[in-house]
Amino acid sequence: MPLKSFIEVHPESDFSIQNLPYGVFSTKVNPNPRVGTRIGDVVIDLALLDEENLFGKRHVFFADSTLNRFMSAGRGTWREIRQRVTGLLSSDNSPLKNEAMQSRVFVPAEEIQMHLPVAIGDYTDFYASREHATNVGIMFRGKENALLPNWLHLPVGYHGRASSVVISGTDVHRPRGQVALHGAPEFVASRSLDFELEIGFFIGAGNNLGEPISIENAREHIFGMALLNDWSARDIQAWEYQPLGPFLAKNFATSISPWVVTMDALGPFRVDGPKQDPAPLSYLTTDSANGYDIKLEVTLQSAAMDAAQTISRSNMKYLYWSIVQMLAHHTVTGCNMRVGDLCGTGTISGPTEDSYGSMLELTWRGEKPIALPNGETRKFLQDGDTVTMKGYCQGDGYRIGFGEVTGKILPALADRGR
Ligand code: CA
């Protein structure tokens, strides 16, 4: 029998007692952002649990407005807190069964506002889905040259922009930039705005400059994961990306979901990734199962639609390169990661046309528009469109879910660019 809490949790809730993610929230009554966890529809104020001395010793970092200090406390503390909260939510003689205590430390989920959970120092985005890289390669270079010669030998990535990572629910203005559809550049609002379905992972333990993280130790450095939408302007990208990769096409916004799901919660859902052939170099080789069986879904709702429509279903297990390979590769030069750094997996596309993780692929560069139930069609995102991503692991009678990352496209800001 899976572990049960005395708090009622629907079997399809993302927030079972097996999950217990961490986030930063505030309420109208107490507008100070602080750290909480969630079970079912209840958010638990961990700063107040600490004040009540329910952890056995004080952990003042839960009163912080980010998770960084908690993350810095190290894996031993992460595990200790998780075990303690699990016990408080499941044991027969838990002080959290007391009604007065509940009214003090429990907050209904509908009453909270979530905040960016982590002060993100650096953000790196990878390109780890073979299906995505192949699809994009076919569209831009043709079938024969779909994967570039390096792709099967290393997890391709680029250094992104941390300052524009935003919390779910933040509206995103259509960016303006240079596009060159017919050779000569013009300055316009992007006409091919897209999303990218990704998972982000947060560094919880850094490394010293000059000391790479080995693939065997990589997982120990990761605190947890969240959903990530890497908004992308394809027309700006097409003109600017050679030779150094994307720049303005992706630096205007990256959205993440508010709850960080821990590596300990996700552990039971590790699976083998795709077979890697050719075998990677030894610094990228490990025997363990490093994929994650996380079901992913993207919905689109236009301003004229009453309800959101599912436009893609994918799974993190399709990724060719694993997150431990990404981290080992990132640091093999001695590059130092710091607590709070964020890495994105890259667009997670599956093998079938309904599992692609971007509009670029779903509509095959606009050749096959998506038909929406109210008669509208989409090649790329229009103003007023809302994109929402969800994800969960299915356990035996429970789920470990990520909640959602959502964002609405607003018109381009007034033209102040020239
Ligand atoms: Ca990306």
Portion, in percent, of the accessible area of the chain that falls on carbon or sulfur, probe 1.4 Å: 50 percent
Label zone at residue 171 (point 7 Å along Cα-to-Cβ), backbone N below 19 Å, the range 220-243: 231-232
Theoretical FRET efficiency, 1/(1+(r/R0)^6), r = Cβ-Cβ of residue 51 and residue 374, R0 30 Å, to 0.05: 0.05
Area accessible to solvent at residue 305, 1.4 Å probe radius, in Å²: 20 Å²
Extended-chain gain in nm, criterion 0.36 nm per residue less alpha-carbon gap, residue 148 and residue 275: 43.9 nm
Dipole moment magnitude, nearest 20 debye, the range 189-265 about Cα centre, only Lys, Arg, Asp, Glu C-beta charged: 240 debye
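In terms of solvent-accessible area of protein heavy atoms at a 1.4 angstrom probe, what is the ranking of 250, 408, highest value first?
408, 250
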Residue-count net charge about residue 280 - beta-carbon cut-off 15 Å; Lys, Arg +1, Asp, Glu -1: -2
Cα centroid separation - the range 171-201 against the range 243-266, whole Å: 17 Å
Rg/Rg_globular for the chain, with Rg_globular taken as 2.2 N^0.38 Å and Rg from C-alpha atoms: 0.99
Cα-based shape type of the range 304-358, given that a ≥ b ≥ c are square roots of the gyration tensor eigenvalues and the cut on a/c is 1.5: oblate
Rough spin-label spacing in nm, given labels placed 7 Å along Cα→Cβ, for residue 188 and residue 60: 5.6 nm
The range 20-84-the range 270-323 distance, computed between alpha-carbon centres (Å): 29 Å
283, 356, reordered so the largest accessible area comes first (probe 1.4 Å): 283, 356
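With n ≥ 4 as the cut-off for DSSP H runs, can you work out [θ] at 222 nm for the chain, using -39500 (n - 2.57) per run divided by the number of residues, rounded to the nearest 500?
On the way: 9 runs with 68 residues, N = 418.
Computed mean residue ellipticity for the chain: -4000 deg cm²/dmol.
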Debye, to nearest 20: dipole size of the chain, +1 on Lys, Arg Cβ, -1 on Asp, Glu Cβ: 500 debye
Residue-normalised accessible area of the chain, expressed per residue, 1.4 Å probe, Å²: 44 Å²
Positive-end residue of 212, 103, 273, charge dipole of the chain with Cβ unit charges: 212
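The values are calculated or read from the model by the stated rules, or taken from the named source; none is laboratory data. Here the structure is a predicted model, which means the values were calculated and not measured. Glycine also receives a Cβ, built like all others from the backbone with ideal geometry; neighbour counts cover every protein chain displayed. Only protein heavy atoms, including side chains, enter the accessible area calculation; ligands, DNA and RNA are left aside. Shrake-Rupley method; radii C 1.70, N 1.55, O 1.52, S 1.80 Å.
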